[in-house]
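For reference, the structure is listed below as structure tokens.
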Amino acid sequence: MRTVHTLKELRAMLRSYRQQGKRIGLVPTMGNLHEGHISLVRKAREAADIVVTSIFVNPMQFGAAEDLDTYPRTLIEDQERLEAAGSTLVFAPSNDEIYPEGLARHTRIVVPEVSEGHCGASRPGHFEGVATVVTKLFNMVHPDIAVFGEKDFQQLAVIRKLARDLMIPVEVIGAPTVREKDGLAKSSRNGYLTEQQRAVAPVLYRTLQQTAEQIRRGRTDFHTLEAEANKALAEAGLRPDYFNIANSLTLKPANTDDTELTLLVAAFLGTTRLIDNLSITR
Ligand code: PAF
């Protein structure tokens, strides 16, 4: 496995793979890799001959008060894990490589509707940053397929729409969320939790499951269910950001006759913001 840091090196490597007729897969990450990321690499390997994993902590998707500076950067460990998982190439560019003229005057990709609400409402500009960097990665790698985790359900919807709208010839593949034994979704931010917070964190997934069960039993009073879920999270010691029951396709608030629903949650444990989701068919 090789690691390259510049677009020039990346393009040279990819040119030769393409000449050999190889199918190219892309797994965009911000590094600090865990089992969830490794499952994305494995999925990419199933669908492509060559897997490019990008590691770039994208400053454009962080708000001013967010954890850009403290976000864990663990390139050496990440490279070892990626080699073991079968990644062919790591692309780990610097900020200057991706944003040579800085962020302020850079072109931005805005994906309407699915970017609004949920994390889009709580983190203004976040999905603009994600959409911009992912579009750049698509243009740099020209992958046949790209794999993203379903844990970031809204992000996946944003990326599917941008690829469709901008006619980027890439197949966007979603991979199921990988969980700890107690149900907590694997996330780089779990590492920020104290022992006590870590013991509380599985309530997030439990609340999703309990609310889903209520819907399966026929409840359609979605606003009341959301309020009950927020109360359960607050009682467990979390500070809920949102708990929303949405139409899985549009991500708009669910109607009583929708059959595909996704429950999306974000909540703070101390200063750590955790997200999760659960999709159900009625
Ligand atoms: O999900 C992530 O890690 C990031 O949002 C992504 C897709 C790599 C873009 O920076």
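Annotations for the structure displayed:
A quick yes/no check of all residues on (1) touching a helix residue (DSSP H, G or I) at 6+ places or on another chain (Cβ under 6 Å); (2) among the aromatic types (Phe, Trp, Tyr):
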| site | (1), (2) |
| --- | --- |
| 222 | no, yes |
| 229 | yes, no |
| 241 | yes, no |
| 253 | no, no |
| 261 | no, no |
| 272 | yes, no |
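- For region 1-47, the tally of residues that are closer than 21 Å to residue 135 by Cβ, open to solvent by less than 20 Å² (accessible area, probe 1.4 Å) and not in a helix (DSSP H, G or I) stands at 7.
- Residue in region 223-236 that is assigned to a loop (DSSP other than H, G, I, E, B) and surrounded by fewer than 14 Cβ atoms within 10 Å (Cβ to Cβ) present: no
- Of the residues making up region 139-194, those that are assigned to a strand (DSSP E or B) and either over 23 Å from residue 244 (Cα atoms) or polar (S, T, N, Q) (or both) are 145, 146, 147, 171, 172, 173.
- A residue that is without any contact (Cβ under 8 Å) to a residue 40 or more places away in the chain, within 16 Å of the ligand (Cβ to nearest atom), in a loop (DSSP other than H, G, I, E, B) and open to solvent by 10 Å² or more (accessible area, probe 1.4 Å) can be found somewhere in region 110-123.
- Boolean, residue 65 is modelled with pLDDT under 95, away from the ligand (no atom under 15 Å from the Cβ) and open to solvent by 30 Å² or more (accessible area, probe 1.4 Å): yes
The values are calculated or read from the model by the stated rules, or taken from the named source; none is laboratory data. Just so we're clear, the structure is a prediction, and the values are computed from it rather than from any experiment. Backbone-built Cβ (ideal geometry, glycine too); neighbour counts: all protein chains shown. Areas reflect the complete protein model, heavy atoms only, side chains present, ligands, DNA and RNA absent. Shrake-Rupley method; radii C 1.70, N 1.55, O 1.52, S 1.80 Å.
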